[in-house]
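Following: one structure in structure tokens, then a few remarks.
The values are calculated or read from the model by the stated rules, or taken from the named source; none is laboratory data. Just so it is clear, the model here is predicted, and its values are computed rather than measured. Every residue, glycine as well, gets a Cβ built from its backbone with ideal geometry; the counts of neighbours run over all protein chains shown. What goes into the accessible areas is simple: the full protein's heavy atoms, side chains included, and nothing from ligands, DNA or RNA. Shrake-Rupley method; radii C 1.70, N 1.55, O 1.52, S 1.80 Å.
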Amino acid sequence: CKDRIKMTDKLIFFDFDYTLARTTENVMVWSPRGTSKFKGRKYTPLSAREYNIMEIADDEVIDEESYTQFKKVNINKAKPIDSVLLLLNTYFNKDNCVKVLSARPQEAGDDVLSFLKKQGIIKTHLIEYKGCQSSSPALKFHYICECVKKYNPSEVILFDDSKKVIQFVEKNFLAFNVRLTTCLVEILGNEEILRFKKVKNKKKLKKEML
């Protein structure tokens, strides 16, 4: 669906870390209280899950070098989240458009698609990877808005393990005259819970009130 402009049935976005895969890479937060060192600089390692929820202190910094590990995916150590991958495979057809929307940098795209191919997703060349290099919900939402305008879908579906991202998109998507379904992926040990929610936009709410 990379270059398709005509109307799409469903536009589906999947986060990567702890949505499609349990991963091992960390973001390095430069901190005077850091417990590890990289090139002589103290840092605190944050997993993908911690990175999504943690707010850094005033004397801590995240810069481009912080994402050194996030530029690669250790495909041999990454573990598939089978229930979500099954849904990705189910949605993957000529009428839908599937994208991976990640907090990782853009450089991680090839490894992400190689991981999907290893899990039996054959036509990975049709999946577009977008790396935001940030956990900011606003950046993910901005990209979703761009895609909605480009593909004119009848429905948008978002899978993410971040409550902040899910809630931000639900709150700000209401202006679109497009159906929205969100799925919060909660990881509990070796199991996961998928929490689906259908979000009604403002125009539909007004029609129901008349």
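Some values worked out for this structure:
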quantity: Region 131-180, residues that are open to solvent by 50 Å² or more (accessible area, probe 1.4 Å), of a type in the set (Lys, Arg) and under 20 Å from Arg195 (Cα atoms); calculated: Lys163, Lys164, Lys171, Arg179
quantity: Test result for Phe92, open to solvent by less than 40 Å² (accessible area, probe 1.4 Å), out of contact with any His (no Cβ under 9 Å at 6 or more places or on another chain) and under 23 Å from Leu126 (Cβ atoms); calculated: no
quantity: Selected residue (criterion: least open to solvent (accessible area, probe 1.4 Å)) from residues of region 113-125 that are farther than 15 Å from Leu20 by Cα and outside any helix (DSSP H, G or I); calculated: Lys123
quantity: Residues located in region 95-112, provided they are open to solvent by 10 Å² or more (accessible area, probe 1.4 Å) and touching a strand residue (DSSP E or B) at 6+ places or on another chain (Cβ under 6 Å); calculated: Asn96, Gln106
quantity: Selected residue [more than 19 Å from the chain's Cα centre (by Cα) and either in a loop (DSSP other than H, G, I, E, B) or surrounded by 14 or more Cβ atoms within 10 Å (Cβ to Cβ) (or both)] from Thr24, Thr8; calculated: Thr8
quantity: Among (1) open to solvent by less than 60 Å² (accessible area, probe 1.4 Å); (2) over 15 Å from the mean Cα position of the chain (by Cα) - the single one Glu128 does not satisfy; calculated: (2)
quantity: For Phe38: the one exception among (1) within 26 Å of His142 (Cα to Cα); (2) open to solvent by 40 Å² or more (accessible area, probe 1.4 Å); (3) aromatic (Phe, Trp, Tyr); calculated: (1)
quantity: Qualifying positions in region 177-207 - modelled with pLDDT of 85 or more and farther than 23 Å from Ala48 by Cα; calculated: Asn177, Val178, Arg179, Leu180, Thr181, Lys197, Lys198, Val199
quantity: Filter result (crowded, with 17+ Cβ neighbours inside 10 Å and either of a type in the set (A, V, I, L, M) or over 16 Å from the mean Cα position of the chain (by Cα) (or both)) within region 71-86; calculated: Val73, Ala78, Ile81, Val84, Leu85
quantity: Test: residue in region 137-150 that is outside any helix (DSSP H, G or I) and of a type in the set (Gly, Ala, Ser); calculated: no
